[in-house]
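Written out below as structure tokens is the structure these notes cover.
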Amino acid sequence: MSNSADNADVELVEVLQRDFGEGVLHCQQTRTGMPVLWVLRAALTDILGYLKSLDAPYDLLYDLSATDERLRDHRQGLPDSDFTVFYQLMSITRNRDIMLKVALNDEDLSLPTATGVFPAANWYEREVWDMFGISFSGHPHLERILMPPTWSGHPLRKDYPARATEFDPYTLTVEGQQTEQEALQFVPEAWGMARERDGAEFMFLNLGPNHPSAHGAFRIVLQLDGEEIIDCVPDIGYHHRGAEKMAERQSWHSFIPYTDRIDYTGGGMNNLPYVLAVEKLAGIEVPDRVKTIRVMMAEMFRITSHLLFLGTYLQDLGAMTPVFFTFSDRQRGYKVIEGITGFRMHPAWYRIGGVMQDLPQGWEKLVQEFLDWMPARLREYERAMMENALVRDRTRNIAAFDTAEALAWGVTGPNLRATGCNFDLRKQRPYSGYDNFEFEVPLGHRGDVFDRGQLRIEEMRQSLRIIQQCVDHMPSGDFKADHPLTTPPPRERMLEHIETLITHFLQVSWGPVLKPQESMQMVEATKGINSYYLTSDGNTMSYRTRIRTPSFPHLQQIPSVMRGGFVPDLIAHLGSIDFVMADVDR
């Protein structure tokens, strides 16, 4: 981070302390790379509004979640708090972030809603209520979002069990089943929807949770006047499996395989923000060879993910053939990934401080075959599909939104860049050595279904450029850092030195113990910005792991984009978003 950026952060903190006085309680030192300010509840919405109204505004609510602080031992210097709610804001113009934290007492778990400042706060506040039991006064519809409406308790509280064996055996009676079915019924009035207009009834249609265009277990209830969508309500959570809760009972090492399955089409890409965040906590700097290997494999997964997107996107538009071609090319990508890592979709191959093993003999030939094959295929996809008149008619100016709308709803990644906003973390905030690579950032200008499809084809071209540079300039050296908190030491050293044997034993049986601190790492993942915000309490596992995924806000935005559109346009839009429900629900 540059000194000028640090100075700008200091100036901003000083301005906030001057203008809001006692409303700003404390400036916390973390390894998140941003200012972290504790503010009074009464001043929260004013400070949020102030930051959004600056000349270079903090105009994107990147994340909003909470931490149950009640079992945390190392809180020296921090305001007293049973529960903490944190707000992370991003400024695209400044290329900077800021985090606000509010301390809450167990007896008074309530905050004013931020939806009046940031529309994207809606779902995040519902998630905080669902997971922690913290309410938000003034919220338009504060109900559960990931758990069923009949659920009892708030799962991310520390006194909520983390294992199935801690619960009573599950039983479902006939009466209970009836209750669950009734809870799933959609009540339009509860969402402020009228059942009729001018004496004509609206149709309410369930799309999903099992439907080909829903791309997973996703339900969206449509209020229809003929084919026109008057309003719609996305319903998520069917895929939720408690990934953040699992992180509280897995060692720092053993949580890595869980990260593969967040965006399960992204595989190794999902390991990257997690291991980088842990390395920040541990103070580990990895060798250049590790950085380059990680970049190469992350870009391989970007290509395989985008190929899956392209085939299903065109399938949603009614083209049946493309998915067979894109899946065939995806298999070629997995041949490379499997040849290097030993696994295909979820190799869990990155390690804290390195990767699992060095590149195998002959890896260059394997990768080069793929690099030689793909460019002509991408040209063919454009010629046969994106230049097809029917595809263009179905996608041009459909479900379009501009940069301001995208930022208001927390949209990142290709869907943001399709609006013409030039923001890619690999360029703006290079990590893992991305600053050593030459590549372009593709942009759209309409922000419509077509641009979102075309842009990802161009992104695959740029990924091929990056991978080619990895092949041509792979650094020599070790495949892991020489650090006691990294992957276990080589076996030959373990057999020679008792200290190394002890380190090996602790690494395998216990895992690293990380000092109390907080860190955060974002990456430009396949579907947008994915990040891990980690809190260590000086233990072998995380005290709190917050996983921010791009698909969550992307689905929240659907109603604002689709009101006044038509059902076929919704199907096209769902295909163009590029989401998987594991990325939404975690």
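Given the structure, is Ala582 under 29 Å from Met34 (Cα atoms), modelled with pLDDT under 90 and among the small types (Gly, Ala, Ser)? Explain how you work it out, then say what you get.
Numbers: under 29 Å from Met34 (Cα atoms): yes; modelled with pLDDT under 90: yes; among the small types (Gly, Ala, Ser): yes.
Yes, satisfied.
If you take the residues of the range 213-240 that are more than 20 Å from Tyr124 (Cβ to Cβ) and of a type in the set (A, V, I, L, M), which of them is surrounded by the most Cβ atoms within 10 Å (Cβ to Cβ)?
Applying the filter and picking the extreme gives Ile229.
For Lys158, indicate whether it is surrounded by 14 or more Cβ atoms within 10 Å (Cβ to Cβ), touching a strand residue (DSSP E or B) at 6+ places or on another chain (Cβ under 7 Å) and assigned to a loop (DSSP other than H, G, I, E, B). Let's see the steps before the verdict.
Numbers: surrounded by 14 or more Cβ atoms within 10 Å (Cβ to Cβ): yes; touching a strand residue (DSSP E or B) at 6+ places or on another chain (Cβ under 7 Å): yes; assigned to a loop (DSSP other than H, G, I, E, B): yes.
Yes: the conditions hold for Lys158.
Quick one: what pairs do we get from the range 557-578, first residue assigned by TED's automatic domain parsing to the domain that holds Leu455 and more than 16 Å from Gly447 (Cβ to Cβ), second of a type in the set (D, E, K, R) and in a helix (DSSP H, G or I), C-beta under 6 Å, 6+ apart or different chains?
These pairs meet every condition: Ile571/Asp316.
Among what's in the range 460-506 and is hydroxyl-bearing (Ser, Thr, Tyr) and not in a helix (DSSP H, G or I), pick the residue that is modelled with the highest pLDDT. Before you say what the answer is, go through the steps one by one.
Of the residues in the range 460-506, the ones hydroxyl-bearing (Ser, Thr, Tyr) are 463, 476, 486-487, 500, 503.
Applying the additional criterion that residues be not in a helix (DSSP H, G or I) yields 476, 486-487.
On the way: Ser476: 92, Thr486: 74, Thr487: 68.
Selected residue: Ser476.
Is it the case, given these coordinates, that Leu407 is at pLDDT 90 or above, part of a loop (DSSP other than H, G, I, E, B) and assigned by TED's automatic domain parsing to the domain that holds Tyr274?
No: the conditions fail for Leu407.
State all residues of the range 249-276 that are in contact with an Asp or Glu (Cβ under 7 Å, 6 or more places away or on another chain) and polar (S, T, N, Q); if no residue qualifies, say none.
Asn270, Asn271
Inside the range 201-227, can you point out the residues that are small (Gly, Ala, Ser) and modelled with pLDDT under 85? If you could, list the steps in order and put the result at the bottom.
Of the residues in the range 201-227, the ones small (Gly, Ala, Ser) are 208, 213-214, 216-217, 226.
Residues satisfying the conditions are Gly208, Ser213, Ala214, Gly216.
Tell me the residue from Arg417, Arg429, Arg394 that is farther than 26 Å from Leu89 by Cβ and out of contact with any strand residue (DSSP E or B) (no Cβ under 6 Å at 6 or more places or on another chain), please.
On the way: Arg417 fails: farther than 26 Å from Leu89 by Cβ; Arg429 fails: farther than 26 Å from Leu89 by Cβ.
Being farther than 26 Å from Leu89 by Cβ and out of contact with any strand residue (DSSP E or B) (no Cβ under 6 Å at 6 or more places or on another chain) holds for just one of Arg417, Arg429, Arg394, which is Arg394.
Select from the range 240-261 the residues that are within 21 Å of Gln517 (Cβ to Cβ), out of contact with any helix residue (DSSP H, G or I) (no Cβ under 8 Å at 6 or more places or on another chain) and not in a helix (DSSP H, G or I) and list them in ascending order.
Scanning the range 240-261 gives Ser251, Ser254.
Can you pull out the residues in the range 335-366 that are assigned to a helix (DSSP H, G or I) and buried (at least 20 other Cβ atoms within 10 Å of the Cβ)? Let's see the steps before the verdict.
To start, the set of residues in the range 335-366 that are assigned to a helix (DSSP H, G or I) comprises 335-341, 363-366.
Val336, Ile337, Ile340, Thr341 - these are the residues of the range 335-366 that are assigned to a helix (DSSP H, G or I) and buried (at least 20 other Cβ atoms within 10 Å of the Cβ).
Pairs only if they're at least six apart or on different chains, beta carbon under 6 angstrom, first in the range 358-387 and free of Cβ contacts under 8 Å to residues at least 24 places away in the same chain, second surrounded by 15 or more Cβ atoms within 10 Å (Cβ to Cβ) and in a helix (DSSP H, G or I); list them, first residue then second.
Hits for this filter: zero, empty list.
Scan the range 533-549 and give yes if some residue there is crowded, with 18+ Cβ neighbours inside 10 Å and assigned to a helix (DSSP H, G or I), otherwise no.
No, every residue in the range 533-549 fails to be crowded, with 18+ Cβ neighbours inside 10 Å and assigned to a helix (DSSP H, G or I).
The values are calculated or read from the model by the stated rules, or taken from the named source; none is laboratory data. Since the structure is predicted, the reported quantities are computational estimates derived from the model, not experimental observations. So basically every Cβ, Gly included, is an ideal-geometry build from the backbone, and we count neighbours across all protein chains shown.
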